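Report on one structure; see the data block that follows.
The values are calculated or read from the model by the stated rules, or taken from the named source; none is laboratory data. Given the structure is predicted, the values throughout are model-derived calculations rather than measurements. Note that each Cβ is placed from the backbone with ideal geometry, even for glycine, and that neighbours are counted across all protein chains shown. Only protein heavy atoms, including side chains, enter the accessible area calculation; ligands, DNA and RNA are left aside. Shrake-Rupley method; radii C 1.70, N 1.55, O 1.52, S 1.80 Å.
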Amino acid sequence: MKRQKNEKNIIFFVVLLIFSVTFFLDVSDKQYCTKELEVFFGFDYAVIVPIGLALWAFTTSLCILMLGKKDEYYMGITFSELYKIKTEAYRGLFEWFMLCMIIFLVISTFFKFPITTFGCIITQLFIMVKMFVIIQSSLSKDEILDLILEDLNRYIEKGKALIKDETALKWDLINDKGEAPLILKTIKSMDMSLCGERETLIGLFSRSGLYQLKDDKAVVLGMCFAHYILAASKSENESHRLIKEWFLDNNCTEEIQKGIILSLEENTDFELQKFVCDLLQILDAINQTEKFIELTAWQITVCKFLMRFENYRERTVSVYVAQHFYGNMKLHFPEIDWANKIQKQWFFLCKLKDCKTTDRLDLLNELCSMD
């Protein structure tokens, strides 16, 4: 953005300099320094003016094309939003120059200022090329994805800096100005019913620095994005399908999966509790047994913790479902030291929730001895 602002200042200065020099040369009574220049600037206005008008008309047609495409969108981001972001630092510079150039061209033609007329043509040619590049990139789906990915990585880095051990779950992805990043706008506006858009979003997560996060930061970011997915979709099936595909993505880390489970468990919808059990069983079915065991211990710890430690009383039935599921897992994997695994999950969850691990030892003992 800073580079664009510097470029804007340079463009403005160069154009101002060009027209100051050309106007001075046209009004002065000095002769051309060479015969060739005198011949060159003795051009026929009937030829040169249509060239300037053609360039101006082509640039205008690009703007009209942009207006016709402005409401089209990809991954929830319209082309007009992309254009606005890409030209934000210019603040209408090229559009203003377009208007000025046609005025300067008419005036310089009327007063027969050949050097200024030629300067108008050259400047209009530059504006046309620049506008063509900007509008072409503003109608590109790849540019939208790159912009979302850049914005996603920026907020991941911000999250890494702001999430503290004692306040991890209190961090929000919304920035200081109250503006949501593009990734959240994408989640809110994308069509989750389309397989291609779901795959694209999961691909953005994979290409970003999200899966490189560790421990509490990964859990918090996973939970945040799962919250937004659940809140964004009007159709439960669509959001469940997206979360399922994300959860089972080969690149998705165990910490991110813990965040997804935490988000689902914090929701009091009974169907979501069954959905968590289904996700875990799929992990076992696709031979990710080690992850399955760790996340099962995490799920029952979270479920009991939320109901008993944070008084989620409306989730009593869900706890029984989780307990039944956990009991079956103990029967299928009797060789696993479940008490030790649950204790580790307990300490980690207390750290996330900013709770003392000794506040509810009775609940921990209940968890470790639960059948």
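Considering Thr78, Thr87, Thr60, Thr117, which residue is within 26 Å of Val27 (Cα to Cα) and among the β-branched types (Val, Ile, Thr)?
Thr117
Can you go through Leu279, Leu221, Leu242 and tell me which one is within 28 Å of Cys355 (Cβ to Cβ), part of a helix (DSSP H, G or I), modelled with pLDDT of 85 or more and touching a Lys or Arg at 6+ places or on another chain (Cβ under 8 Å)?
Leu279
Which one of the conditions (1) touching a residue at least 40 places away in the same chain (Cβ under 8 Å); (2) surrounded by 13 or more Cβ atoms within 10 Å (Cβ to Cβ) does Gly42 fail to meet, given that it meets all the rest?
(2)
Which residues, taken from the range 198-218, are in a helix (DSSP H, G or I) and surrounded by 16 or more Cβ atoms within 10 Å (Cβ to Cβ)?
Residues satisfying the conditions are Arg198, Thr200, Leu201, Ile202, Leu204, Phe205, Leu210, Tyr211, Asp216, Lys217, Ala218.
Among the residues of the range 244-299, write down those that are among the hydrophobic types (A, V, I, L, M, F, W, C) and within 18 Å of Cys224 (Cβ to Cβ).
Trp246, Phe247, Cys252, Ile256, Ile260, Ile261, Leu262, Leu264, Leu272, Val276, Trp298
On the given criteria, is Gly259 open to solvent by less than 10 Å² (accessible area, probe 1.4 Å) and touching a Lys or Arg at 6+ places or on another chain (Cβ under 8 Å)?
On the way: open to solvent by less than 10 Å² (accessible area, probe 1.4 Å): yes; touching a Lys or Arg at 6+ places or on another chain (Cβ under 8 Å): no.
In short, no.
Answer yes if at least one residue in the range 212-221 is within 23 Å of Lys141 (Cβ to Cβ) and under 17 Å from the mean Cα position of the chain (by Cα), and no otherwise.
no
Would you check which residues across the range 282-292 are over 18 Å from Ile342 (Cα atoms) and assigned to a helix (DSSP H, G or I) and list them?
Scanning the range 282-292 gives Ile282, Leu283, Asp284, Ala285.
I'm trying to understand the selection: among the residues of the range 262-276, which are within 13 Å of Lys244 (Cβ to Cβ) and either buried (at least 22 other Cβ atoms within 10 Å of the Cβ) or modelled with pLDDT of 80 or more (or both)?
If the condition is that a residue be within 13 Å of Lys244 (Cβ to Cβ) and either buried (at least 22 other Cβ atoms within 10 Å of the Cβ) or modelled with pLDDT of 80 or more (or both), then Leu264, Phe275, Val276 are the ones that fit.
If the requirement is being outside any loop (DSSP other than H, G, I, E, B), in contact with a Phe, Trp or Tyr (Cβ under 9 Å, 6 or more places away or on another chain), modelled with pLDDT under 85 and open to solvent by 20 Å² or more (accessible area, probe 1.4 Å), which of these qualifies: Lys112, Lys130? Write out each step before concluding.
Numbers: Lys112 fails: outside any loop (DSSP other than H, G, I, E, B).
After ruling out the rest, the residue left standing is Lys130.
Which of the residues spanning the range 50-100 are assigned to a helix (DSSP H, G or I), hydroxyl-bearing (Ser, Thr, Tyr) and open to solvent by 80 Å² or more (accessible area, probe 1.4 Å)?
Those that are assigned to a helix (DSSP H, G or I), hydroxyl-bearing (Ser, Thr, Tyr) and open to solvent by 80 Å² or more (accessible area, probe 1.4 Å): none in the range 50-100.
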